[in-house]
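A quick write-up on the structure given underneath.
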Amino acid sequence: MNPLLAHDPLRSPVRIDADRLWARLDDLAQIGAVDGVGGARGNCRLALTDADREGRDLVVGWMRDLGLEVIVDVIGNVFATLPGTDPTAPAVMIGSHIDTVRTGGRFDGNLGVLAGLEIIEALIDSGYRTEHPITVAFFTDEEGSRFAPDMLGSLVYVGGMAVERALDICAVDDGARLGDELARIGYAGSAPCPAPAPPKCFLELHIEQGPILEDAGITIGVVEGVQGISWTEFTLTGRSAHAGTTPIAARRDPLLVAAQVVAEVRMLCRDLGGSQVATVGRFEPHPNLVNVVASQVIFTVDLRNTDDLVLIEAERRLLEFVEQVAQAESVSVQTRVLSRFAPVDFDHGLAELIERCARSEGASSLRLPSGAGHDAQMLARICPSAMVFVPSVGGLSHNLAEYTDPGDVAVGAQVLADAVLASAVLLSGERVNRSTDSR
Ligand code: GLV
Ligand code: MN
Ligand code: MN
């Protein structure tokens, strides 16, 4: 009997190997591993560092082991494709990122890439074929911690930023040029970017990175969209002076101004309410000495809201406040927009498909917006896109202790597999005999 007919049509006969996926997550997590307090072990693989290269090499090795065609584009995005039966059909793309923040976890991004690889391997093992090719991708510099903006590789892939401009971005830590770092780690590819043709659709599995699913006791998040993101870098310049001899009235202290901004952004969130969040994440006083009034402070503010009009209001109020407190202290202000993305809605049809796949797998699901930025929000500009979330223990992410239960990883990857195989049109005809040796 045709196994396709023996199941709920969305419960695919192709079953992922959860242990193999978990083992790959473990292996990738060895690269750039960082130990934290209380036995936490996370990762530092900032974009285009040596650790990023090592992570890339490992994942590309796995892609090649599966016999996939691997291509690298000019911004360093990597794509590995399993052909479908129709050579003219656009690929169903699965993807995410493998770069991390400085104190990142082992799931953020990595899960989406390795689940994609697992789906392809499970499909090969099953002997089934799909009409559409399936591509698993990882995009350069999703985190934006080293090179802003975030989601940079996917932004360039969809034509949202010229590649020449992206290659000229300098790192916040050491000033290195992105294009030089890409070449240094061996990932300045030759495939054109933006993409010559869009995929059929894009699907991304990710940890939620927040508390909603865990609090609700739900396994699968069906992501409706991503909130708007606004990153601004402020440079406040005053005058360095002697801490013991300079009267308070004579000071031009940028640190005092910056400290007031840190407190104000929390007030701003209270005031605007709703989904408004605000974070001062990077904060660099100079010269940072005990007995010197600071001469300069550079800091960043990350504002996010699901409602773009409220986000615009938050940006306006923030700038007004900074100008006002800086003026009172005779400190000058320079601003630089690092990142600005409007809220994004995901494809309704794909969201429904994911919901039905969750139901077919017997998993509970809940619709929710994403608080974090993701490559899928960029892909949504060129093709129907959607995301599957699985719970984050304690709602924790961008933290070495980030964790997701193996059972939730397994269900999330299988739901993703079902959605991918339905989109790529799993064929119910003869299964091909593809042994491991012939890969
Ligand atoms: C990426 O992780 C972001 O949301 O900042
Ligand atoms: Mn991520
Ligand atoms: Mn992240």
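The values are calculated or read from the model by the stated rules, or taken from the named source; none is laboratory data. Source: prediction; values computed, not measured. Here the Cβ is made from the backbone with ideal geometry for all residues, glycine too, and neighbour counts use every protein chain on show. Ligands, DNA and RNA are excluded from the accessible area calculation, which covers all protein heavy atoms including side chains. Shrake-Rupley method; radii C 1.70, N 1.55, O 1.52, S 1.80 Å.
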Checklist (1) assigned to a loop (DSSP other than H, G, I, E, B); (2) free of Cβ contacts under 8 Å to residues at least 60 places away in the same chain applied to Phe107, failing item: (2)
Result of the Cβ filter at 8 Å on segment 53-75, keeping first residues that are free of Cβ contacts under 8 Å to residues at least 60 places away in the same chain and under 21 Å from Cys193 (Cβ atoms) and partners that are part of a loop (DSSP other than H, G, I, E, B) and open to solvent by 40 Å² or more (accessible area, probe 1.4 Å), at least 6 apart or interchain, is Glu69/Pro83
Only unsatisfied item for Trp231, checking (1) open to solvent by 20 Å² or more (accessible area, probe 1.4 Å); (2) away from ligand 1 (no atom under 16 Å from the Cβ), is (2)
Yes/no for Arg251 being open to solvent by 20 Å² or more (accessible area, probe 1.4 Å), over 20 Å from Leu319 (Cβ atoms), among the basic types (Lys, Arg) and in contact with a strand residue (DSSP E or B) (Cβ under 9 Å, 6 or more places away or on another chain): yes
Within segment 240-277, track down each residue that is of a type in the set (A, V, I, L, M, F, W, C) and modelled with pLDDT under 95. none
Qualifying position, being at pLDDT 95 or above, more than 22 Å from the chain's Cα centre (by Cα) and open to solvent by 30 Å² or more (accessible area, probe 1.4 Å), among Asp27, Asp19: Asp19
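Yes/no matrix, rows are residues, columns are (1) in contact with a Ser or Thr (Cβ under 8 Å, 6 or more places away or on another chain); (2) more than 18 Å from Phe202 (Cβ to Cβ):
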| residue | (1), (2) |
| --- | --- |
| Glu121 | no, yes |
| Thr130 | yes, no |
| Gly144 | yes, yes |
| Met151 | no, no |
| Gly160 | no, no |
Let me spell it out: the conditions are (1) more than 24 Å from Gly225 (Cβ to Cβ); (2) loosely packed, with under 14 Cβ neighbours inside 10 Å, and Phe299 meets all of them except one. Which number is the exception? (2)
Which is more than 16 Å from ligand 1 (Cβ to nearest atom), open to solvent by less than 20 Å² (accessible area, probe 1.4 Å) and assigned to a strand (DSSP E or B), of Val257, Val222? Val222
The correct count of residues that are charged (D, E, K, R) and surrounded by 14 or more Cβ atoms within 10 Å (Cβ to Cβ) in segment 315-339 is 3
Scan segment 393-407 residue by residue and report those that are among the small types (Gly, Ala, Ser) and either without any contact (Cβ under 8 Å) to a residue 12 or more places away in the chain or more than 16 Å from ligand 1 (Cβ to nearest atom) (or both). Gly394, Ala401, Gly407
Residue ranges of helices (runs of 4 or more DSSP H) in segment 132-189 with at least 3 members under 28 Å from Pro87 (Cα atoms): 152-157
Quick one: which helices (runs of 4 or more DSSP H) lie wholly within segment 342-424 and hold at least 3 residues that are within 16 Å of ligand 3 (Cβ to nearest atom)? 375-379
Reported set for segment 1-15 where residues are of a type in the set (Lys, Arg) and either at pLDDT below 50 or touching a Ser or Thr at 6+ places or on another chain (Cβ under 6 Å) (or both) is Arg11
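Rundown of residues vs (1) surrounded by 21 or more Cβ atoms within 10 Å (Cβ to Cβ); (2) away from ligand 2 (no atom under 16 Å from the Cβ); (3) farther than 25 Å from Asp150 by Cβ, yes/no style:
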| site | (1), (2), (3) |
| --- | --- |
| Asp50 | no, yes, no |
| Arg53 | no, yes, no |
| Asp57 | no, yes, no |
| Arg64 | no, yes, yes |
| Glu69 | no, yes, yes |
| Gly76 | yes, yes, no |
| Leu82 | yes, yes, yes |
| Thr88 | no, yes, yes |
| Gly95 | yes, no, no |
How do the pairs read when you match residues in segment 324-347 that are at positive phi with residues anywhere that are open to solvent by 90 Å² or more (accessible area, probe 1.4 Å) and part of a loop (DSSP other than H, G, I, E, B), using Cβ under 9 Å and keeping only pairs 6 or more apart or on different chains? Ser330/Arg239
Being surrounded by fewer than 24 Cβ atoms within 10 Å (Cβ to Cβ) and outside any helix (DSSP H, G or I) is the filter; apply it to segment 110-131 and report the residue that is farthest from ligand 3 (Cβ to nearest atom). Gly127
